[in-house]
Amino acid sequence: MNKDNFDKAKWVPIIITAVILMLIWYALGNVGLITSIILQFFSVIAPLLYGILFAYFIYPPHHAVEKLLKKVKIRFISSRARGFSTIIIFILLLILIVVIVSFVIPILFTSTVNLANSIPIYVTELLNYLDNLPSESFWADFDIAGTINAFSSQLMVTILNAEGLGQAAGAVIGFAGGLFSIVLGLIISLYILMDRDRISEFFLRLNSAIFKSESRRVRSARYFGQVNKVLFTFIASKGLDSLINFVVATTVLLIFDVPYSLLLGLIAGAFNFIPFIGSFFSAVLISLIALVTRDVGVALPVAIALIVFNQLDANYIEPRIMKSSLKISPILVIVAVVAGGAYFGIVGMFLAVPLTVVIKQLVLEYIDSTEQGLGDIEGDEPIE
């Protein structure tokens, strides 16, 4: 083909489309390989991801302390407000970590071990109850006892064989590695908060270097600003709301004297990060554990209290914490959570929703820009 006759406007989009289609075709035929590569990549950059995540959590108190220090009349302190605020937050984090390691983790560990040791007893009691049901009972037709027996036997075989023991050892090693990544992530988050102005300036310069067109630079900067706003609103606000869920659930369980209250409250707070369905699943799980560890007279009011609070939280507390609309269709949430869980497990379930919200915001921002005429790049300078 003659170079003079090569029409970029015609052939470049065709070539790009063909390459994208080939990549999609390859990915569909190698889902397992692609997933393992992605997981390996995320495991390598896990400390950085934790650092970014913690930075969103820590930013509100860090910024509040910095504002207070700037008002101090001592110039040495006010001129170095950000550095001193980072030191203060670091000390507070160290105190929090010491308290958690010294008091909270031993309680959680003991509760987890006791609950795991008690599961066979609860299963036996449930089987005895099912065996004593009248033959004409509605539940007798489902053979629940046989299903539980088969599941328990298979679970024990899986755990006790060599593969199961290897998986258990891998889980322990993975937990230790994850703990190291979390600690390193906390340190990285403090550096991010310290240098956030220089980081922001770097990305603005990078944006200007990539996009020569003014309209594209403006639109790209607006996209990144919107993504940052969405992530901060979702992560920080959801973190505060999850803390409230943890406190309320733990308090309810302590009032009704349900065993493993702290552990179950932590589950309620963690599952709250999954909108719509997370709180429902945690309420069902906690109510079932209250049923098998206590009785119906305790499990029923616990379930009612959790459901009432979940409705209050979803309709009143959380919207006021968020302060901005991050509305997303429940159907889209369910699809995102299922897809994230299928490919990346529990971590995928937690990360699926904020990523979906970010993608949604970017699409809406692009549509708005197009409708306002900002999306029309006709006449823009080419990207060099």
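Looking at this structure, is residue 218 in contact with a helix residue (DSSP H, G or I) (Cβ under 8 Å, 6 or more places away or on another chain) and of a type in the set (Val, Ile, Thr)? When the stated conditions are applied, residue 218 does not pass them.
Taking the conditions exactly as written (of a type in the set (Val, Ile, Thr) and closer than 12 Å to residue 185 by Cα), does residue 52 satisfy them or not? Criteria met by residue 52.
Taken together, the residues in region 80-96 that are over 17 Å from residue 188 (Cα atoms) and open to solvent by 70 Å² or more (accessible area, probe 1.4 Å) amount to 3. It is to be established whether one or more residues within region 256-265 are open to solvent by 60 Å² or more (accessible area, probe 1.4 Å) and either in a helix (DSSP H, G or I) or at pLDDT below 80 (or both). No, there is no match, as no residue in region 256-265 is open to solvent by 60 Å² or more (accessible area, probe 1.4 Å) and either in a helix (DSSP H, G or I) or at pLDDT below 80 (or both).
In a residue-by-residue description of region 65-77, the property of being open to solvent by 70 Å² or more (accessible area, probe 1.4 Å) and under 26 Å from residue 238 (Cα atoms) applies to at least one position. The condition of being modelled with pLDDT of 90 or more, over 12 Å from residue 245 (Cα atoms) and aliphatic (A, V, I, L, M) does not hold for residue 274.
Count of region 180-229 residues, restricted to those that are among the β-branched types (Val, Ile, Thr) and over 24 Å from residue 60 (Cβ atoms), is 2. Just one of the listed residues (111, 85) is touching a His at 6+ places or on another chain (Cβ under 7 Å), hydroxyl-bearing (Ser, Thr, Tyr), in contact (Cβ under 8 Å) with a residue 12 or more places away in the chain and in a helix (DSSP H, G or I), namely 85.
Taking the criterion of being in contact with a helix residue (DSSP H, G or I) (Cβ under 9 Å, 6 or more places away or on another chain) and either in a loop (DSSP other than H, G, I, E, B) or modelled with pLDDT of 75 or more (or both), the residues of region 318-328 that qualify are 318, 321, 323, 324, 325, 326, 328.
The rows are residues; the columns are (1) in a helix (DSSP H, G or I); (2) touching a residue at least 60 places away in the same chain (Cβ under 8 Å); (3) open to solvent by 60 Å² or more (accessible area, probe 1.4 Å).
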{"position": "222", "(1), (2), (3)": "yes, yes, yes"}
{"position": "228", "(1), (2), (3)": "yes, no, yes"}
{"position": "236", "(1), (2), (3)": "yes, yes, no"}
{"position": "244", "(1), (2), (3)": "yes, yes, no"}
{"position": "250", "(1), (2), (3)": "yes, no, no"}
{"position": "288", "(1), (2), (3)": "yes, no, yes"}
{"position": "303", "(1), (2), (3)": "yes, no, no"}
{"position": "314", "(1), (2), (3)": "yes, no, no"}
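Within region 13-52, can you find the residues that are within 29 Å of residue 240 (Cα to Cα), open to solvent by 60 Å² or more (accessible area, probe 1.4 Å) and not aromatic (Phe, Trp, Tyr)? Selection gives 39, 43, 44, 48, 49, 52. When restricted to residues that are within 14 Å of the chain's Cα centre (by Cα) and among the aliphatic types (A, V, I, L, M), region 267-289 contains 5.
The residues listed here are 105, 91; of these, the one that is aliphatic (A, V, I, L, M), at pLDDT 90 or above and more than 26 Å from residue 229 (Cα to Cα) is 91.
The values are calculated or read from the model by the stated rules, or taken from the named source; none is laboratory data. Quick caveat, the model's predicted, so the values are computed rather than measured. Cβ: placed from backbone, ideal geometry, glycine included. Neighbour counts: every protein chain shown. The area values use the complete protein model at the heavy-atom level, side chains included, leaving out ligands, DNA and RNA. Shrake-Rupley method; radii C 1.70, N 1.55, O 1.52, S 1.80 Å.
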